[in-house]
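A short worksheet on the structure shown next.
The values are calculated or read from the model by the stated rules, or taken from the named source; none is laboratory data. Everything quoted here is computed from the prediction, not taken from an experiment. Positions of Cβ are backbone-derived with ideal geometry, glycine not excepted, and every protein chain shown enters the neighbour counts. Surface areas here come from the heavy atoms of the whole protein model, side chains and all, with no ligands, DNA or RNA. Shrake-Rupley method; radii C 1.70, N 1.55, O 1.52, S 1.80 Å.
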Amino acid sequence: MKIEAKELSKIYGEGENRVVALNRVSLKIAPGDFISITGPSGSGKSTLLHLLSGLDRPTSGHLTYDGKDIYSLTDKELSAFRRQRIGFIFQQFNLLPVLTARENIVMPVLLDKKQPDEAYLGQLSQMLGIHDRLTHLPHELSGGQQQRVAIARALIAKPDIIFADEPTGNLDSKSGGEVMEMLKAVRETMGKTLVVITHDNRIAAMADRQLFIVDGILSEVAAR
Ligand code: ADP
Ligand code: MG
């Protein structure tokens, strides 16, 4: 999937409270790209990821997926598009506490009134090392395991692209390193596009393209 953002801006509030969170950001993402985004706290990283993934809409600007204007979709159509085509991983995992790991993972598929691909689920949980944890509730899992469940949930609908907002931000360095290695493996073995926000320069340096954002303005540090 080819993604193109044109002059995306996001302005919050009015008058004295007006904040330009994102200032005319343009970006092209090619299939298979591995992109990292760094920048100070409050610089607009999460805002950008939410706009690129259709979790939110811009104040102005356009976003196309394979030439199709995403923001012209209704909220309902956009949610379905996101569930089917885009995986999103959050810093806080965002697992539902009353559901088991397995139930959390298959939720996006059930919401689409489909049945999960059991063989694929088995393959994912083996790869992520959570196959013997599927009947556990989130609070019975370590942080690293919870994030690996969240990665499986992001992958279950077989999306082309994974967005991750500081996926290792809540983990100790060992589990964070494991999670990052798994995301890299997902990208390499499954051919997914990967866009990761991070505070960690070592993670940023793993990417093929390093983007940097300051005061809502995006620039590209280096393309390998
Ligand atoms: P980062 O992820 O880089 O820390 P964010 O994208 O979360 O930054 O925020 C960018 C700017 O937009 C910040 O100044 C933040 O306070 C502001 N902001 C983010 N979300 C909202 C919101 N819902 N309402 C008002 N201001 C917001
Ligand atoms: Mg953020």
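Order these peptides, 208-218, 131-141, by their mean beta-carbon neighbour count within 10 angstrom, highest first.
Numbers: 208-218: 18.3, 131-141: 14.5.
Averaged packing, sorted descending, gives the order 208-218, 131-141.
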How many angstrom separate the Cα center of segment 1-37 from the Cα center of segment 81-136? 28
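Can you pull the percent of Cα pairs in segment 3-223 with separation above 22 Å?
On the way: 12276 of 24310 pairs.
Above the 22 Å cut-off, segment 3-223 has 50 percent of its Cα pairs.
Mind putting a number on the dipole of segment 3-223 about its Cα centre? Charges go on the C-beta only, +1 for Lys and Arg and -1 for Asp and Glu, and I need it in Debye to the nearest 20.
280
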With -39,500 (n - 2.57) per DSSP H segment of 4 or more residues and division by the full residue count of the chain, the 222 nm estimate, nearest 500 deg cm²/dmol, is -10500 deg cm²/dmol
By per-residue mean of other Cβ atoms within 10 Å, what is the highest-first order of 156-164, 198-206? 156-164, 198-206
Fraction of accessible area attributable to carbon and sulfur, the chain (%, probe 1.4 Å): 50
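Taking the Cα centre of segment 1-51 as the origin, how large is its charge dipole in debye, to the nearest 20, when only Lys and Arg (+1) and Asp and Glu (-1) carry charge on their Cβ atoms? It would help to have the intermediate numbers written out before the result.
Numbers: 7 positive and 5 negative charges, 25 e Å.
In total the dipole reaches around 120 debye.
Mind checking the per residue accessible area of the chain for me, 1.4 Å probe, whole number of Å²?
Values: 10930 Å² over 224 residues.
So the chain comes to 49 Å² accessible per residue, rounded to a whole number.
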State, as an integer percentage, the relative contact order of segment 134-224 based on alpha-carbon contacts under 8 Å between residues 6 or more apart. 23
Segment 3-223 - percent relative contact order, Cα under 8 Å, separation 6 or more: 30
